[in-house]
Amino acid sequence: MARGSRREKGPRRGGRGQAALWPYVIAVGVAAVVVAVLIVLLIRGGDGDGGDGGDGGDGGDRSVILPSPRPTEIAQEGHLLGSPGAAVTLIEYTDFQ
Amino acid sequence: MSVLPPIEEEFVSTGQVKVQVRPVAILGEESGLAAQAAECANDQERFWDFHDTLYANHRGENKGAFSRENLKRFAEALELDTAAFDSCLDSGKYASKVGDDTEGAQQLGVNSVPTIFVNGQVVSWHLEDLQAAIREALGSGQ
């Protein structure tokens with residue numbers, strides 16, 4: 001009977017042990033969430049300041065839009081685009097703005 | 001603003017027209033920087049990629065879109081040799097060229113942009129007019 005009693009008590013002792021860990025698990029979880037929120041706030045704050053101050057009207061958007069590549073069959077050489085032997089020459093004076 | 005994409009699609013890709021772009025700087029400080037940056041990209045045989053990236057990232061005149069920092073970011077995004085590009089831009093290697101080209105263009109009567117010549121004749125940059133002028137030059141009469 002004594003042995004039987006010990007067997008019955010075994011799981012309950014284990015349950016108490018797991019229950020005792022829960023406060024720590026919760027505390028670690030809460031700490032992780034707080035750290036994650038702080039990191040997100042820091043990153044957002046850093047981007048906003050840099051973008052507004054550095055680029056004027058560019059805002060905080062620092063992404064670069066890359067155009068689609070030209071078909072490889074269109075010749076490019078320096079400022080010239082197209083076949084050097086083309087019948088018509090178009091010269092465009094342009095200001096990139 | 002560029003009128004080139006539709007012209008490129010209809011006439012350049014078919015071998016009928018070749019296009020030469022001559023950057024000038026008449027709209028402000030960022031015009032000069034952008035033109036110099038395009039010349040620096042041309043040193044690496046990437047003029048047209050940089051040209052297209054400038055238009056893709058245009059955000060209005062002198063609003064910071066073509067700041068020195070942003071032009072360097074364009075070069076990085078295009079995977080140019082950034083050390084060479086940055087050195088080229090920061091040294092002002094092409095500043096006098098852009099200034100001379102702008103002055104030369106103005107002497108030809110280029111006081112607004114874009115100004116377009118088709119086989120040496122000034123043509124309206126409006127697309128329909130430009131297409132008509134090219135067709136006339138090609139002798140198609142279409």
For the stretch B:1-33, give me each residue that is among the aliphatic types (A, V, I, L, M) and free of Cβ contacts under 8 Å to residues at least 24 places away in the same chain. B:Leu4, B:Val12, B:Val19
Test: residue in the stretch A:35-55 that is part of a loop (DSSP other than H, G, I, E, B) and either at pLDDT 90 or above or out of contact with any Lys or Arg (no Cβ under 7 Å at 6 or more places or on another chain) (or both): no
Considering the stretch B:118-132 alone, what residues qualify as being within 13 Å of chain A (Cβ to nearest Cβ) and either without any contact (Cβ under 8 Å) to a residue 24 or more places away in the chain or in contact with a Cys (Cβ under 6 Å, 6 or more places away or on another chain) (or both)? B:Val118, B:Asn119, B:Gly120, B:Gln121, B:Val122, B:Val123, B:Ser124, B:Asp129, B:Ala132
Within the stretch B:74-107, how many residues turn out to be in contact with a Lys or Arg (Cβ under 8 Å, 6 or more places away or on another chain) and at positive phi? 0
Search result, residues across the stretch B:95-142 that are surrounded by 16 or more Cβ atoms within 10 Å (Cβ to Cβ) and over 30 Å from B:Glu9 (Cβ atoms): B:Ala95
Among the residues in the stretch B:86-98, are any in contact (Cβ under 8 Å) with a residue 40 or more places away in the chain and under 29 Å from A:Ala87 (Cα atoms)? yes
Give the residue, chosen from B:Ser87, B:Ser67, B:Ser13, that is surrounded by fewer than 23 Cβ atoms within 10 Å (Cβ to Cβ) and more than 10 Å from chain A (Cβ to nearest Cβ). B:Ser87
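Is at least one residue of the stretch B:36-53 under 11 Å from B:Phe74 (Cβ atoms), of a type in the set (S, T, N, Q), in contact with a helix residue (DSSP H, G or I) (Cβ under 8 Å, 6 or more places away or on another chain) and crowded, with 22+ Cβ neighbours inside 10 Å? Walk me through how you get there before you give the answer.
Pass one, the stretch B:36-53, residues under 11 Å from B:Phe74 (Cβ atoms): B:37-38, B:40-41, B:46, B:49-53.
With the extra rule that they be of a type in the set (S, T, N, Q), the set shrinks to B:53.
In the following step, the residues that additionally are in contact with a helix residue (DSSP H, G or I) (Cβ under 8 Å, 6 or more places away or on another chain) were identified as B:53.
Now drop any that are not crowded, with 22+ Cβ neighbours inside 10 Å, which leaves B:53.
Yes, the stretch B:36-53 contains a residue that is under 11 Å from B:Phe74 (Cβ atoms), of a type in the set (S, T, N, Q), in contact with a helix residue (DSSP H, G or I) (Cβ under 8 Å, 6 or more places away or on another chain) and crowded, with 22+ Cβ neighbours inside 10 Å.
Could you pull out the residue among B:Gly60, B:Gly32, B:Gly28 that is more than 24 Å from A:Ser83 (Cα to Cα) and surrounded by 22 or more Cβ atoms within 10 Å (Cβ to Cβ)?
Details: B:Gly60 fails: surrounded by 22 or more Cβ atoms within 10 Å (Cβ to Cβ); B:Gly28 fails: surrounded by 22 or more Cβ atoms within 10 Å (Cβ to Cβ).
Testing whether each residue is more than 24 Å from A:Ser83 (Cα to Cα) and surrounded by 22 or more Cβ atoms within 10 Å (Cβ to Cβ) leaves just B:Gly32.
The values are calculated or read from the model by the stated rules, or taken from the named source; none is laboratory data. Everything numeric in this text was worked out from a predicted model, so none of it was measured. Please note: Cβ atoms are built from the backbone with ideal geometry, for glycine as well, and neighbour counts cover all protein chains shown.
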